[in-house]
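A short write-up of the structure that comes next.
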Amino acid sequence: MERYTGAEQIILLFDTYHCESYYLHESIKRAGYDCLAIVLEENDFLPEGVISVYELLSGDWKEEIHGRPRYFNEIEVPNCWSISAGVDEPYGKITYQHEEKGRIYYTVPKNRYLVKAVDWLDRKGNVCFRDHYDRFGNICARTFYGPEGQQLGKTWFTARGREILMENYVTGDLIYNDEALVKHFRTKLDLFCYCFCRLGFDQNRIFYNSLDMPFEISARLGGSRKKNLLFWQQTAEGGIQGNMQKILNGAAEHTRKVVVQKRAAYGRLAELGAVNDRLCRLGFIYPFQKENGHKAEALIYTDTDWIEHVKELIEAFPQMHFHIAAITVMSDRLKNLGRYPNVSLYPAVKSPVREELFERCDYYFDINHYAEIISAVDKAFMHNQLIFAFRETLHNQECVADMHVYPAAEFERMVSDIRSVIEDSSLMERHLEMQREYALAESAESYKKTLEQIIEEESHGL
């Protein structure tokens, strides 16, 4: 394993690459910092520019690998075997003379039929092993199963097919082939820390967003004078977690600052008495998708026909066109809204139309009861739509400004505020700015300035 030479580069260390991980990654890049994003979860379809720790172990991350995800009928099978996509089933099938030999599992969305894994079956229909495919179409790992369906172990491969890591699921042991060295580890934490030290990451500053394994790795590699930063992106409803308390109390030598990235979490930590010079607030440089065009077109996504005050809203604003979309079929109650000339309905809406609706509309009403679908509120925010919600239906409080959330009983006040912004473009812009400020949206200049101040303070032990 070659030693890494970019000691000035920031290491972004994530448990998983979820939405907030993406926002932090984008923010660090847009602020002008050189960074390397590493994810600890077993994810073979990470976006370009994000590295799995298993790619680090294999050494593939430094090589230019060409390829694309494998299509279902590109799985290699013996002559005379058949492959079917499984259009109406959760998986594709590999068969020989009507005997099922394998099952093909797909990445999301399934209808693209890009292979994520293949289970190979014995004559009794039991899984013998599973081949895992990556975004380049290579078999990157193989999981082995026992006769009772229990997982026995897993082997990881380089892009050229060389075995580099074996994990025994029964004993928990790991064997790592580090070029000429063969190393034994009891835990993945030990393995990952060995890998990071071999690469020289103990000389890099680490930004991490989890108090689980990323915190432990930060602690193990904490010998550098460059102190690390925890970016807290979760809630604090359950109280202050033990590892965060260590940082706030000054007991974590490797990390002196906690950067809170959600307004509600910062407020809750303040209530718990956690706000001191080790805690600061900094949001994201959001990659907004478009500007608001001030058009009187509103979007609602729902998986239910219980949409709070929807009929009254439609009647209150005949000048506004309402686009109501669902990813399933619609009930008769919802279909009846189509009788209004300012309403368009989209049952079982497809992905291209979804994107078109977010581009087209400049308002979003988060007024459907029950679950949110397709992260609609977050998408509306990223498309600079002005979002209004009822307190009883609010799905994402981080994206919706407090002044745009109303008790359902105060529906008339919502109507009055909406009417004001429809009639006054400058007021519309002020409300959009309030929405962005509430979500802690930052410019690249302000983000870098604040981050440099945080780093300067922790470098002096403040």
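The values are calculated or read from the model by the stated rules, or taken from the named source; none is laboratory data. Worth saying up front: this structure is predicted, and the values here are computed from it rather than measured. Every residue, glycine among them, receives a Cβ derived from its backbone with ideal geometry; neighbour counts consider all protein chains shown.
Structure notes:
- Flag if Phe136 is of a type outside the set (Asp, Glu), in contact with a Gly (Cβ under 7 Å, 6 or more places away or on another chain), surrounded by 15 or more Cβ atoms within 10 Å (Cβ to Cβ) and not in a strand (DSSP E or B): yes
- For Cys128, the criteria (1) part of a helix (DSSP H, G or I); (2) touching a strand residue (DSSP E or B) at 6+ places or on another chain (Cβ under 9 Å) hold in every case but one, which is (1).
- Taking the stretch 24-66 as the range and being outside any helix (DSSP H, G or I) and among the small types (Gly, Ala, Ser) as the test, the residues that pass are Ala31, Gly32, Ala37, Gly49, Ser52, Gly59.
- Considering (1) surrounded by fewer than 19 Cβ atoms within 10 Å (Cβ to Cβ); (2) closer than 30 Å to Leu24 by Cα; (3) basic (Lys, Arg), the lone condition that Lys335 does not fulfil carries the number (2).
- Restricting attention to the stretch 164-182, the residues that are assigned to a strand (DSSP E or B) and either under 29 Å from the mean Cα position of the chain (by Cα) or at pLDDT 95 or above (or both) add up to 8.
- Among the residues of this structure, Trp120 does not count as one that is modelled with pLDDT of 95 or more, out of contact with any Gly (no Cβ under 8 Å at 6 or more places or on another chain) and not assigned by TED's automatic domain parsing to the domain that holds Cys193.
- Residues of the stretch 92-102 classified as touching a residue at least 24 places away in the same chain (Cβ under 8 Å) and under 35 Å from the mean Cα position of the chain (by Cα), total: 3
- Qualifying residue in the stretch 296-305 (condition: modelled with pLDDT under 95 and over 27 Å from the mean Cα position of the chain (by Cα)): yes
- Boolean, Glu74 is among the charged types (D, E, K, R), more than 26 Å from Lys227 (Cβ to Cβ) and at pLDDT 95 or above: yes
- Annotation: of all residues in the stretch 385-429 being part of a loop (DSSP other than H, G, I, E, B) and surrounded by fewer than 17 Cβ atoms within 10 Å (Cβ to Cβ), the one that is farthest from the chain's Cα centre (by Cα) is Asp424.
- Residue tally, condition hydrophobic (A, V, I, L, M, F, W, C), farther than 16 Å from Gln289 by Cα and modelled with pLDDT of 95 or more, over the stretch 354-383: 2
- When Thr171, Thr143 are screened for being surrounded by fewer than 18 Cβ atoms within 10 Å (Cβ to Cβ), closer than 23 Å to Cys195 by Cα and of a type outside the set (D, E, K, R), only Thr171 passes.
- From the options Val115, Val87, residue that is farther than 29 Å from Asn209 by Cβ and not in a loop (DSSP other than H, G, I, E, B): Val115
- Only listed residue being free of Cβ contacts under 8 Å to residues at least 40 places away in the same chain, closer than 25 Å to Met382 by Cβ and not assigned by TED's automatic domain parsing to the domain that holds Gln397, chosen from Ala252, Ala236, Ala270: Ala236
- Residue list for the stretch 367-384, restricted to those being touching a residue at least 40 places away in the same chain (Cβ under 8 Å), in contact with a Cys (Cβ under 9 Å, 6 or more places away or on another chain) and surrounded by fewer than 24 Cβ atoms within 10 Å (Cβ to Cβ): Ser375, Asp378, Met382, His383
- The residue list Arg130, Arg142 contains one member that is among the basic types (Lys, Arg) and more than 21 Å from Leu191 (Cα to Cα), which is Arg130.
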